[in-house]
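A short worksheet on the structure shown next.
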Amino acid sequence: MSSGDLLSASGSDDATLLASPVRLPCGRTVPSRLVKAAMYEGLATFPGGPPNESHFNLYTAWARGGWGMIITGNVQVSAEHLTLGRDMIVPEKITTETIAPFRLLADAMHSSASPQTAALALMQLSHSGRQSPRIIGGRSFWLPPLAPSPVKMSSSGEGLLSRLFYAALFPTPREMSDHDIEHIIERFVEGAKVALDAGFDGIQLHSAHGYFLAQILSPKTNLRQPPYGYPNELNVLKKIVKRIRSFAPPAFVIGIKLNAADYASGGLSDQHALEHVKTIAGWAGERAGVDFIEISGGDYEQPSKFVSFAAEMRMNQNVGFAICIALESLCNSSVAATSAILSILQNGRCRSSPFTRSTLSDAHWITST
């Protein structure tokens, strides 16, 4: 089923709801409830680098698709912790020349046919941590990646070949020092500065899918003592957000992508997830306000594991920001996704819904129906 079929499966009133705007706490307005969520483009030159003509063409197509918000694929803050070798990377030195390709990318993301309904352009910032593989991860073959704790990755598959593959590709990571973590915090902040100077409307911190920020939040992968171990697992995120808020204009959008599956696979309850969201909501009073949280799930070990607790977040807590649920990846068909999305929007359980697969088959499916 095509993406166009997804919207046509809803009635005119439902389509109006999907196309209605959302005002974020920072004061910016998202033109519609539909978000082009982050996807790995694999378009940078090997081994990683700035955006290029292929990115510009791709995001120009998405910009003309009627999205309320467009989020880039993960832009790595460390050139030594890539995912598949062709990641975009925050430049080591921030100059007019190194920012220029990112400015062209922001321009492409804003190139809607109608400036009044142009999507907000967000840069997703990420660090792969222990999920950065050998060979294509940006390091020498024998140098393991850095991670909060030396917890080796394992395959969810039962086959011998799968276990051998993971053992070869993902060595036991090196445990980060507090200094290492402080350096990574600063790299996220520098990434936000690049986004701001390049003309992006904001950033999203990738705290999902088993990457570094998700590793910090999960007791499965964070065995540290304070200041960054439990019960202070939110300190890294809070420091990043607070430092960005210290220099960014009030209207600069900051979002966080959380991983539902980490709370289950890490031995935590839905209530613990709710406490995280409630704590993040309280940061607004400390000049560390967040505008939205996207709920996703899965990691390299368990890529298909999802837990649906986002509705409880919205219904049980007055969090003050938008909850975005990546329902498309939870549903078996586009019609099922439409039904689920409309249900939670109509019940006030979330404010928008990110899409990935539908944007690949038809970048313009919102405006083509």
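Of all residues in region 16-45, those that are among the polar types (S, T, N, Q) have Cβ atoms under 6 Å from Cβ atoms of residues that are open to solvent by 30 Å² or more (accessible area, probe 1.4 Å), 6 or more apart or on another chain, in T29/P21; T29/R23; S32/A19. Summed over region 111-136, residues that are out of contact with any Phe, Trp or Tyr (no Cβ under 9 Å at 6 or more places or on another chain) and of a type outside the set (S, T, N, Q) total 3. Tell me yes or no: at least one residue of region 81-90 is under 20 Å from V194 (Cβ atoms) and either open to solvent by 10 Å² or more (accessible area, probe 1.4 Å) or among the small types (G, A, S) (or both). Yes, some residue in region 81-90 is under 20 Å from V194 (Cβ atoms) and either open to solvent by 10 Å² or more (accessible area, probe 1.4 Å) or among the small types (G, A, S) (or both). Scanning region 50-81 for residues that are more than 15 Å from the chain's Cα centre (by Cα), at pLDDT 95 or above and part of a loop (DSSP other than H, G, I, E, B) turns up P50, P51, N52, S78, A79, E80, H81.
Quick grid of which residues meet (1) surrounded by fewer than 16 Cβ atoms within 10 Å (Cβ to Cβ); (2) more than 19 Å from the chain's Cα centre (by Cα); (3) within 22 Å of L217 (Cβ to Cβ); (4) of a type in the set (F, W, Y):
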| residue | (1), (2), (3), (4) |
| --- | --- |
| E92 | yes, yes, no, no |
| A100 | yes, yes, no, no |
| A106 | no, no, no, no |
| M109 | no, no, no, no |
| A121 | no, no, no, no |
| Q124 | no, no, yes, no |
| S128 | no, no, yes, no |
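Among the residues of region 251-309, the ones that are modelled with pLDDT of 80 or more and either more than 30 Å from L196 (Cβ to Cβ) or buried (at least 16 other Cβ atoms within 10 Å of the Cβ) (or both) come to 21 in all.
The values are calculated or read from the model by the stated rules, or taken from the named source; none is laboratory data. Predicted model only: the values in this text are computed from it and were never measured. For neighbour counting, all protein chains shown are included, and Cβ atoms are generated from backbone atoms with ideal geometry for every residue, glycine included. All accessible areas refer to the heavy atoms of the entire protein, side chains included, with ligands and DNA or RNA removed. Shrake-Rupley method; radii C 1.70, N 1.55, O 1.52, S 1.80 Å.
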